[in-house]
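The values are calculated or read from the model by the stated rules, or taken from the named source; none is laboratory data. Computed from a predicted model, the values in this text were never measured in an experiment. Quick reminder, even Gly has a Cβ in these numbers, built from the backbone with ideal geometry, and neighbours come from all protein chains shown.
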Amino acid sequence: MTRILVTTDGSQLSRSVLPHAVRLAAACGARLVLARVLNPSVDLPHNHAGEPDALAALVRTWQAELESVLRAAEAEGSATVAIESNGESTHEAIVRVAVEQQAALIAMHSRGSGALRRALLGSVAMGVLGHWQGPLLVTGGHARSPSHERPYSIVITSDGSPASLDVVPALEAVLTPGRIPVTLVRICEPRSGRPSPEAEQAACLHQLERLREQLPPGVACECRCPAAAYEQPVAGAIIEAAELANAGAIAMSTHGHGAMRHLLAGSVALDVLGHSPVPLILVRCRG
């Protein structure tokens with residue numbers, strides 16, 4: 001069975017990603033694994049550091065808390081406390097657990113506290129993105145509680161680059177035929193020196209058809225190439241397209257650990273994450 005790993009640092013804010021992961025899991029038939037990373041040198045009281053009984057007691061406490069969170073969310077799944085080994089970072093522990101659990105996707109909130117406070121701005125989520133081979137679902141500060149009134153769907157964006165072709169293969173495990181429809185979106189930007197709007201849209205649609213060919217057989221798909229308004233940010237046009245499609249998430253490719261430090265410091269991905277009411281699914285390109 002497909003598994004989705006959801007991470008929390010114990011704060012209420014970090015758990016705001018959980019309803020979105022629950023919604024995705026229900027749509028694709030996946031099972032959730034809710035995880036929290038424990039660093040003994042940080043999380044144990046200093047006067048109990050290195051004491052096996054104190055560590056075991058804290059693990060039991062956290063385990064019970066995680067199981068309680070799952071029950072409150074009415075989520076099917078299991079809970080686990082991952083203990084950082086010597087020299088292991090938080091993001092390395094998260095990726096290790098994801099691999100051990102054979103997770104198809106990792107989900108986390110981008111504005112947690114403690115270990116996740118700087119996520120997506122240079123810390124845990126950046127590390128996960130740089131070392132994890134699968135998709136990373138993140139919620140931002142404007143994410144709303146998911147709607148259960150409409151079928152779950154995903155908007156996959158493309159900018160026409162070869163990297164954008166990597167999104168569909170990475171999402172294959174959660175793109176369950178007959179259960180999760182997809183809307184492929186490429187924003188046509190009005191720029192001087194470009195072909196006519198009609199020619200531009202035709203070229204965009206042709207590129208999306210190439211992307212459609214990579215979808216698993218049986219996945220319902222629609223291609224859309226909306227034109228961005230004059231001086232409208234691309235991120236805003238993407239969010240509008242997702243709202244029009246009633247999407248439960250927006251997926252796009254990134255360039256991984258190095259380039260993403262610049263990309264997530266002021267580009268389309270960060271703009272989408274910072275303003276979108278639905279989660280952003282980041283897929284590291286293979287190039």
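When GLY218, GLY160 are screened for being out of contact with any Phe, Trp or Tyr (no Cβ under 9 Å at 6 or more places or on another chain), at positive phi and surrounded by 15 or more Cβ atoms within 10 Å (Cβ to Cβ), only GLY160 passes. Cβ-Cβ distances below 9 Å connect the following pairs, each with a first residue in region 266-287 that is assigned by TED's automatic domain parsing to the domain that holds PRO162, a second residue that is outside any helix (DSSP H, G or I) and of a type in the set (Asp, Glu), and a separation of six or more residues or different chains: VAL268/ASP159.
Residues in region 165-198 that are at pLDDT below 85 and small (Gly, Ala, Ser): SER192, GLY193, SER196. Among the residues here, SER68 does not qualify as part of a strand (DSSP E or B), over 19 Å from the mean Cα position of the chain (by Cα) and not aromatic (Phe, Trp, Tyr). Evaluate region 33-43: report whether one residue or more is more than 30 Å from ALA220 (Cβ to Cβ) and without any contact (Cβ under 8 Å) to a residue 12 or more places away in the chain. Within region 33-43, one or more residues are more than 30 Å from ALA220 (Cβ to Cβ) and without any contact (Cβ under 8 Å) to a residue 12 or more places away in the chain. Residues in region 38-53 that are charged (D, E, K, R), more than 25 Å from SER110 (Cβ to Cβ) and assigned to a helix (DSSP H, G or I): 1 in all. Got at least one residue in region 194-202 being out of contact with any Cys (no Cβ under 7 Å at 6 or more places or on another chain) and within 21 Å of VAL283 (Cβ to Cβ)? Looking for residues that are out of contact with any Cys (no Cβ under 7 Å at 6 or more places or on another chain) and within 21 Å of VAL283 (Cβ to Cβ), one finds none in region 194-202, hence no.
SER41 meets the conditions (1) surrounded by fewer than 22 Cβ atoms within 10 Å (Cβ to Cβ); (2) in contact with a Phe, Trp or Tyr (Cβ under 8 Å, 6 or more places away or on another chain); (3) farther than 20 Å from ALA170 by Cβ in every case but one. The failed one is (2). Only one entry in GLY122, GLY134, GLY114 is more than 23 Å from PRO277 (Cβ to Cβ) and either at pLDDT 85 or above or among the β-branched types (Val, Ile, Thr) (or both), namely GLY134. Consider ARG261 carefully, then state whether it is modelled with pLDDT of 90 or more and closer than 20 Å to VAL283 by Cβ. Against the criterion (modelled with pLDDT of 90 or more and closer than 20 Å to VAL283 by Cβ), ARG261 does not qualify.
Listed here are the residues, each with its yes/no results for (1) in a strand (DSSP E or B); (2) under 21 Å from HIS131 (Cα atoms); (3) not small (Gly, Ala, Ser).
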position: ILE4; (1), (2), (3): yes, yes, yes
position: ASP9; (1), (2), (3): no, yes, yes
position: ALA27; (1), (2), (3): no, no, no
position: VAL33; (1), (2), (3): yes, yes, yes
position: ARG36; (1), (2), (3): yes, yes, yes
position: LEU55; (1), (2), (3): no, no, yes
position: GLY87; (1), (2), (3): no, yes, no
position: ARG96; (1), (2), (3): no, yes, yes
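Taken as a whole, region 211-225 holds no residue that is closer than 23 Å to PRO279 by Cβ, of a type in the set (Gly, Ala, Ser) and part of a helix (DSSP H, G or I).
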